[in-house]
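Here the structure is laid out as structure tokens; the discussion comes afterwards.
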Amino acid sequence: MRPVIVDFKYMILMLHEIQYTTDESLFQYLTKGDEKAFDVLFLKYYPSLCAYARQFVEYDDGQEIVQDVMVWLWENREMHTFEISPKSYLFKAVKNRCLTLISRNEIKQRIVNTLYDDQQLRYEDPDFYIVEELSRKIEEALQRLPNSYREAFEMNRFQHLTYGEIASQLNVSSKTVDYRIQQALKLLRVDLRDYLPILLAII
């Protein structure tokens, strides 16, 4: 992964380049592997993207999300085509990741509620360790899903998008989205079979 280091002195030195460079041209150079174009784009939007993320999550989480989005953009630069402006794409990507983080935090709370409300006989004294353990196992199971399954599943369960909205964003049919989500659920049920009662209540 290409390391991301925020150097604001370097940002100041590059401001004159930013003024005369369009986002579209920056993205064109970026897709060709131009690291300088990536640096200019990163320094141009990092502060505003962090401020935007702060509307949804804590500042530290927002910084990490912004860096993750930019690194992901660099690592997948050759496969990108944009139906919206590069700027809109970045802000939308940051918002989606913020919503995903919020939903994952909600999963932890659902685990707590489920343990207390529905599983009191089985778990008489649920504690922080149980919550963290279940959350970790769910997260690991999600990461083991094929990328296409996980992407569709998270967009539906965490970002609360409809099948039609997901299909539009991924440029596939709604039937394909349905298939991917059903396959994701099937794999999760197998992977998390020891926690199935809780899993069903959560996702």
Number of positions in segment 92-115 that are of a type in the set (Lys, Arg) and at pLDDT below 70: 2
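Taking the condition of being out of contact with any helix residue (DSSP H, G or I) (no Cβ under 8 Å at 6 or more places or on another chain) and either touching a residue at least 60 places away in the same chain (Cβ under 8 Å) or assigned to a helix (DSSP H, G or I) (or both), how many residues in segment 33-50 meet it? Spell out the reasoning first.
At the first step, the residues of segment 33-50 found to be out of contact with any helix residue (DSSP H, G or I) (no Cβ under 8 Å at 6 or more places or on another chain) are 34-35, 47-48.
The next check asks that each one be either touching a residue at least 60 places away in the same chain (Cβ under 8 Å) or assigned to a helix (DSSP H, G or I) (or both); those that pass are 35, 47-48.
Of the residues in that region, 3 qualify.
How many of the residues making up segment 57-66 are in a helix (DSSP H, G or I) and surrounded by 14 or more Cβ atoms within 10 Å (Cβ to Cβ)?
Of segment 57-66, the ones in a helix (DSSP H, G or I) are 59-66.
Retained after the next criterion (residues that are surrounded by 14 or more Cβ atoms within 10 Å (Cβ to Cβ)): 61-66.
Residues flagged as in a helix (DSSP H, G or I) and surrounded by 14 or more Cβ atoms within 10 Å (Cβ to Cβ) within segment 57-66 amount to 6.
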All positions within segment 43-56 that are at pLDDT below 90, crowded, with 18+ Cβ neighbours inside 10 Å and among the hydrophobic types (A, V, I, L, M, F, W, C): Leu43
Subset of segment 67-77 (residues that are surrounded by 13 or more Cβ atoms within 10 Å (Cβ to Cβ) and either of a type outside the set (A, V, I, L, M) or not assigned by TED's automatic domain parsing to the domain that holds Leu30 (or both)): Gln67, Asp68, Trp72, Trp74, Arg77
Subset of segment 20-46 [closer than 12 Å to Trp74 by Cα and aromatic (Phe, Trp, Tyr)]: Phe27, Tyr29, Phe38, Phe42
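The values are calculated or read from the model by the stated rules, or taken from the named source; none is laboratory data. This is a predicted model, so every value here is computed, not measured. So basically every Cβ, Gly included, is an ideal-geometry build from the backbone, and we count neighbours across all protein chains shown.
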